[in-house]
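Working notes for the structure below.
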Amino acid sequence: GQQVMQIPQYQHVQEGEDFTTYCNSSTTLSNIQWYKQRPGGHPVFLIQLVKSGEVKKQKRLTFQFGEAKKNSSLHITATQTTDVGTYFCAGHKNSNYQLIWGAGTKLIIKP
Amino acid sequence: KAGVTQTPRYLIKTRGQQVTLSCSPISGHRSVSWYQQTPGQGLQFLFEYFSETQRNKGNFPGRFSGRQFSNSRSEMNVSTLELGDSALYLCASSLTIAGGNTGELFFGEGSRLTVL
């Protein structure tokens, strides 16, 4: 089963509102990656965070990696229709090559 | 640079049959991972290969198997198909060093399998 909890499962927002998805691991991660999957598409890599407390920005997207390297968040400011899709987090445990995935958060823009 | 190529893109099988899916990674990528995705579900990890060796395996029955060739191309096989195997099967390649964690994954478009 999932060892990285990702919430919420869905988020409905009006265009222009903000969106945030959170990932929490019970164990320390060596890194965290974020992917976006558009409807009908395949996951596309967004970013990787490695350092404790790291914050990275990509235009309207802000990614954070917690101080304990157990949690991460993705925040989108002023959502646009192009942001629609499912956002996944994935991380490596320190002693394993395997990426552990969150279940994803689906961003839905209300008409 | 060509991306990850998966074939076939779509296929329909009946219960009890077997299927082989193919994945050609990005040139120079030695790590290939396979995932199963069903509607409303996340990405379920099947296995990962690096330099022809299976490095990790997910919690799938033995009906699911895979292999990697010397040119890094990979195949996965599902035998004795069940209705519940209907899914999108995604392959991802990564530029990974020996002994290192999988880096950024580059996914293919997927093979959509329907089992009737």
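The values are calculated or read from the model by the stated rules, or taken from the named source; none is laboratory data. If you're wondering where the values come from, they're calculated on a predicted model, not measured in any experiment. Methodologically, a virtual Cβ is constructed for each residue, glycine included, from the backbone with ideal geometry; neighbour enumeration extends over all protein chains shown. Just so you know, the surface numbers come from the protein's heavy atoms only, side chains and all, with ligands and any DNA or RNA stripped out. Shrake-Rupley method; radii C 1.70, N 1.55, O 1.52, S 1.80 Å.
Mind checking which residues of region A:34-55 are outside any loop (DSSP other than H, G, I, E, B), within 20 Å of A:TRP101 (Cβ to Cβ) and either open to solvent by 60 Å² or more (accessible area, probe 1.4 Å) or away from chain B (no Cβ under 14 Å) (or both)?
A:VAL44
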Would you mind stating whether B:ARG112 is basic (Lys, Arg), farther than 24 Å from A:THR105 by Cα and modelled with pLDDT of 95 or more? no
When you check A:TYR97 against the structure, is it within 25 Å of B:GLU48 (Cβ to Cβ) and surrounded by fewer than 21 Cβ atoms within 10 Å (Cβ to Cβ), yes or no? yes
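Go through region A:10-33 and give me each residue that's open to solvent by 40 Å² or more (accessible area, probe 1.4 Å), polar (S, T, N, Q) and modelled with pLDDT of 95 or more.
A:GLN11, A:GLN14, A:ASN24
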Every residue from region A:57-99 that is of a type in the set (Gly, Ala, Ser) and in a strand (DSSP E or B): A:SER72, A:SER73, A:GLY85, A:ALA90, A:GLY91
How about region B:1-47: which of its residues are open to solvent by 70 Å² or more (accessible area, probe 1.4 Å) and among the aliphatic types (A, V, I, L, M)? B:ALA2, B:ILE12
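Name the residue, out of B:LEU81, B:LEU88, that is in a loop (DSSP other than H, G, I, E, B), modelled with pLDDT of 95 or more and touching a strand residue (DSSP E or B) at 6+ places or on another chain (Cβ under 9 Å).
Criteria check complete, one pass: B:LEU81.
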Only one of A:THR62, A:THR86, A:THR105, A:THR82 is within 21 Å of A:GLN9 (Cα to Cα) and exposed (fewer than 14 other Cβ atoms within 10 Å of the Cβ), namely A:THR82
Looking only at region B:91-109, which residues are modelled with pLDDT of 95 or more and surrounded by fewer than 21 Cβ atoms within 10 Å (Cβ to Cβ)? B:PHE106, B:GLU109
So B:PRO61 passes all but one of these: (1) within 14 Å of chain A (Cβ to nearest Cβ); (2) more than 17 Å from B:GLN6 (Cβ to Cβ); (3) open to solvent by 30 Å² or more (accessible area, probe 1.4 Å). Which condition number does it fail? (1)
